[in-house]
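Visitor: Pasting a structure here, questions to come.
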Amino acid sequence: MKKRTTRDFIGAIFHGSLLASFLIGFAVTTGSAQSQDGACKRSQIDLGDGKVINGNCEKLKIAFLTAATNNTHLQAGIKGAQDAAKEIGATIDVFDPNWSPTVQYNQAQNVISSGKYNAIVAEMNDGNQACKILTEDAPKAGVLVAVANLPLCNRASKEGDELWSPGTLNFVGGSQGREAFRDWIMSIAAANPGPQKVAVLTGPDLNANTINTELALKDVQEKYPDFKIAAVVKTDYSVLQGNQKTLPLFQANPDLTIFISNYSDMTRGAVQAARQVGLAGKMKIYDNGGNIWSFQAVRDGLIHSTRTLLPYTEMYEAVKALGQAWNGEKTPRFVPLAAYNIDKDSVSKYEPQY
């Protein structure tokens, strides 16, 4: 069977059940980049709630406020943004806060006040802290904002179009939203009836994916009371912390039956820890991330399954949307991304993005 490629993943946005969501809530633009006589004509971009930003005839100068740069998922997202910027003739600079919400907020302030940029791709570690600066200050300064992966303005646990914050162009993502994590962990509980002792590994505090994982765990335990969560451990998403923080966890809980990790790099470190304490093969390991390592780990039987993420597509589509709106084209408020569960039966049908 033909493997699913990156192009297939991008195409999934426009086909099947996602199409209806994709067509809801267009950001209306008027005007065009060029008039009939070749003179530049500014376009008005509707950001919702009566907020409008004027596109202009300068090329897009994009600041990418990425969450960090220290793992392959984030690096794939940077590559997607850079490739899209090249395609639309924009410049793009990457700002690395190394997971610090405070540093990232200061970076956003500097980007907006500098006058060097007219657009932002925002992947904010604390979307609530960044709400006002990106939905009010940025449009007032004539800076167009596309948000990806991590929603703003207390919308991390929302679903569908509600992931978009008025004052910004759109939101790209959803595969790491509350609904997605809830459905994923519900499927794990349903596949493992009876008493289970479960440990969970997540990312940093305030991160939307951490918030949604914890909310999903509450939903799952209400429906499956035998699915007992023994511990939730937070990391910086690195292989190193995945190992360092699970080693004492596994030593203290040798009777764990299920281990869930919401990112593949730290899953890799946890697999090493499980080997160190003799738990490898004794508990089922479920991974969220779908990177190159996790695909091979499924083949090798090191983990039970992985769930794909699409970091390249996410940031590629965010930059493309900025270009479309700048040129007076319509763009959707919400661009949903597909995700797939990968086990030994399906691992040959797909390819990882990072």
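The values are calculated or read from the model by the stated rules, or taken from the named source; none is laboratory data. Please read all numbers here as calculations on a predicted model, not as lab measurements. In this analysis, Cβ positions are derived from the backbone assuming ideal geometry, glycine residues included, and neighbour counts consider all displayed protein chains.
Visitor: Looking only at residues that are within 21 Å of LEU249 (Cα to Cα) and within 19 Å of the chain's Cα centre (by Cα) in segment 278-300, which one is surrounded by the most Cβ atoms within 10 Å (Cβ to Cβ)?
Guide: The residue in question is ASP287.
Visitor: I'd like to check something: does segment 222-235 contain any residue that is touching a Ser or Thr at 6+ places or on another chain (Cβ under 8 Å) and closer than 19 Å to ASN291 by Cβ?
Guide: Within segment 222-235 (the criterion being touching a Ser or Thr at 6+ places or on another chain (Cβ under 8 Å) and closer than 19 Å to ASN291 by Cβ), the answer is yes, since at least one residue qualifies.
Visitor: When segment 251-267 is examined, which residues are found to be assigned to a helix (DSSP H, G or I) and within 17 Å of THR213 (Cβ to Cβ)?
Guide: SER264, ASP265, MET266, THR267
Visitor: Of ALA270, ALA274, which residue is in contact (Cβ under 8 Å) with a residue 40 or more places away in the chain, in contact with a Phe, Trp or Tyr (Cβ under 8 Å, 6 or more places away or on another chain) and in a helix (DSSP H, G or I)?
Guide: Answer to the selection: ALA270.
Visitor: Say we look at segment 54-73 and pick out the residues that are under 18 Å from the mean Cα position of the chain (by Cα) and at pLDDT 95 or above; which of these is surrounded by the fewest Cβ atoms within 10 Å (Cβ to Cβ)?
Guide: The residue in question is THR69.
Visitor: On to the next question. Please pick out the residue among ASP161, ASP93, ASP126 that is assigned to a strand (DSSP E or B) and either of a type outside the set (Val, Ile, Thr) or surrounded by 15 or more Cβ atoms within 10 Å (Cβ to Cβ) (or both).
Guide: ASP93
Visitor: Could I ask something else about it? Answer yes or no as to whether PRO225 is in the same structural domain as VAL277 (by TED's automatic domain parsing), assigned to a loop (DSSP other than H, G, I, E, B) and either touching a residue at least 40 places away in the same chain (Cβ under 8 Å) or under 25 Å from ASN128 (Cα atoms) (or both).
Guide: no
Visitor: Determine the pairs where a residue that is outside the structural domain of HIS73 (by TED's automatic domain parsing), located within segment 176-193, has a partner that is part of a helix (DSSP H, G or I) and among the acidic types (Asp, Glu) with Cβ atoms under 6 Å apart, the partner being 6 or more residues away or on another chain.
Guide: Within 6 Å, the pairs are ARG182/ASP219.
Visitor: List pairs: first in segment 283-297 and under 18 Å from SER175 (Cα atoms), second assigned to a helix (DSSP H, G or I) and charged (D, E, K, R), Cβ under 9 Å, 6+ apart or cross-chain?
Guide: ASP287/ARG268; GLY289/ASP265; ASN291/ASP265; ASN291/ARG268; SER294/ARG268
Visitor: Cβ-Cβ under 8 Å, sequence separation 6+ or interchain: first residue in segment 103-115 and among the acidic types (Asp, Glu), partner surrounded by 13 or more Cβ atoms within 10 Å (Cβ to Cβ). Which pairs?
Guide: Correct list of pairs: empty, since none qualify.
Residue-wise test of (1) at pLDDT 95 or above; (2) under 25 Å from THR213 (Cα atoms); (3) small (Gly, Ala, Ser).
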| position | (1), (2), (3) |
| --- | --- |
| PRO97 | yes, yes, no |
| GLU136 | yes, no, no |
| LYS140 | yes, no, no |
| GLY167 | yes, no, yes |
| SER175 | no, yes, yes |
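Matching residues to (1) under 22 Å from LYS320 (Cβ atoms); (2) in a helix (DSSP H, G or I); (3) of a type in the set (Phe, Trp, Tyr); (4) outside the structural domain of VAL52 (by TED's automatic domain parsing):
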{"position": "ILE78", "(1), (2), (3), (4)": "yes, yes, no, no"}
{"position": "PRO97", "(1), (2), (3), (4)": "no, no, no, no"}
{"position": "TYR105", "(1), (2), (3), (4)": "no, yes, yes, no"}
{"position": "ASN110", "(1), (2), (3), (4)": "no, yes, no, no"}
{"position": "ILE120", "(1), (2), (3), (4)": "yes, no, no, no"}
{"position": "ILE133", "(1), (2), (3), (4)": "no, yes, no, no"}
{"position": "GLY142", "(1), (2), (3), (4)": "yes, no, no, no"}
{"position": "VAL147", "(1), (2), (3), (4)": "yes, no, no, no"}
{"position": "CYS153", "(1), (2), (3), (4)": "no, no, no, no"}
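Visitor: Which one is nearest to the chain's Cα centre (by Cα), of the residues in segment 167-192 that are surrounded by 24 or more Cβ atoms within 10 Å (Cβ to Cβ) and in a helix (DSSP H, G or I)?
Guide: PHE181
Visitor: Let me ask something else about it. Go through (1) touching a helix residue (DSSP H, G or I) at 6+ places or on another chain (Cβ under 6 Å); (2) within 25 Å of ARG182 (Cα to Cα); (3) not assigned by TED's automatic domain parsing to the domain that holds MET186 one by one and return the number of the condition TYR286 breaks.
Guide: (3)
Visitor: Among the residues in segment 231-246, are any in the same structural domain as ARG182 (by TED's automatic domain parsing) and on the phi > 0 side of the Ramachandran plot?
Guide: yes
Visitor: Out of the residues in segment 326-349 that are under 20 Å from GLY48 (Cβ atoms) and touching an Asp or Glu at 6+ places or on another chain (Cβ under 7 Å), which is surrounded by the fewest Cβ atoms within 10 Å (Cβ to Cβ)?
Guide: Ranking the candidates gives PHE334 first.
Visitor: Please determine, by comparing only the residues of segment 323-350 that are modelled with pLDDT of 95 or more and in a loop (DSSP other than H, G, I, E, B), which one is nearest to SER175 (Cα to Cα).
Guide: ARG333
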